[in-house]
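A quick write-up on the structure given underneath.
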Amino acid sequence: MKRMLQIGMAVLMTAGLWPSSTWGTELNRGAAGHGQDPGSKAPSKQLAVVIDDFGNSMTGTSEMMQLPIHITAAVMPFMPTTKQDAELAHKLGHDVIIHMPMEPNRGKPEWLGPGAIMTNLSDEEIRSRVEAAIQEVPYAIGMNNHMGSKVTADERVMRIVLSVVRAHGMFFLDSRTTFKTVIPKLSAELGVPLLSNEIFLDDVYTMEHITKQVGVAKRHLDSHETCVVIGHVGPPGKKTAAVLKDSIPRMLQNTSFVRLSEMLIPSAEKDIIPHP
């Protein structure tokens, strides 16, 4: 019931019937251990750092988990450390979401991992795979796409995915791996709370590029109240963690680092109850 109430408020806000000023105003809970003074006034700008590809003992996992901010950990289902990484992220106060593997326009099938959503699957198989992924990742409160440029442009497939997400009271983060995404249209139609990625931090695996992308995020916040960025564990993991760790103290002067849920849920409804 509480999750359905949260979705209802998200729809009201989208329709302009819920006061947006009440959204996203809370400073990180437990921020004393995450680089912010819990007694200080929260800066008006909000940056949500999402880290993809947890679940497979990837390089940089420890460094990302121990960043002095709250992050959102996107954990792949059906992998060797899926449950371990999700449980650790939750214990450290991070949001946990399912990093759902989805078919791309190009790429090797082995890059997807098990349980991937493919466009040639039946409606029932798609539904079954999404349900299984949700049960696989403890404490998950949302979902985003891993790859998925083909799937996220397919209305039939995404309608099923988002219907299951809605049934579980979750939100969806569109990683925006294609400009042809149908997720904004369908999420509005189905009443699924939606956020969208604005910047990939480490699509090129160099310190110089990652630093440049953090600068892009800072400039985005000059003219916007919020920004969602995505980084990764794996090949760029330690580099991305190092750049973020170095950038955080300077950014804290005018930016709150928040979980994705803090961009979606009114402050009176922050205590999301994830599935155990």
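A few remarks follow.
- When the Cα gyration tensor is reduced to axis lengths a ≥ b ≥ c, the ratio a/c is 1.5 or higher for region 194-240, and with a/b not above b/c it is classed as oblate.
- Taking a sphere under 15 Å around the Cβ of R156 and counting the other residues whose Cβ falls inside, with K and R at +1 and D and E at -1, yields a net charge of -1.
- Prolate/oblate/rounded call for region 95-246, Cα gyration tensor, a/c under 1.5 rounded: prolate
- Taken about its Cα centre, region 80-239 carries a charge dipole of about 260 debye when Lys and Arg each add +1 at the Cβ and Asp and Glu each add -1 at the Cβ.
- In terms of its C-alpha gyration tensor, region 165-256 comes out prolate, because a/c is 1.5 or above and the ratio a/b outweighs b/c.
- In a reduced charge model with +1 at each Lys and Arg Cβ and -1 at each Asp and Glu Cβ, region 87-148 shows a dipole moment near 220 debye about its Cα centre.
- Part-to-part distance (alpha-carbon centres) for region 79-108 and region 236-258, which is given in Å: 21
- Amide H contacts under 5 Å for V258: L47, A48, V49, restricted to partners 5 or more places along the chain or on a different chain, H placed in the peptide plane at 1.01 Å from N.
Each value in this text was obtained by applying a stated rule to the coordinates, not by laboratory testing. Bear in mind the structure is a predicted one, so any value in this text is a computation, not a measurement. Note: ideal-geometry Cβ built from the backbone for every residue, glycine included; neighbour counts use all protein chains shown.
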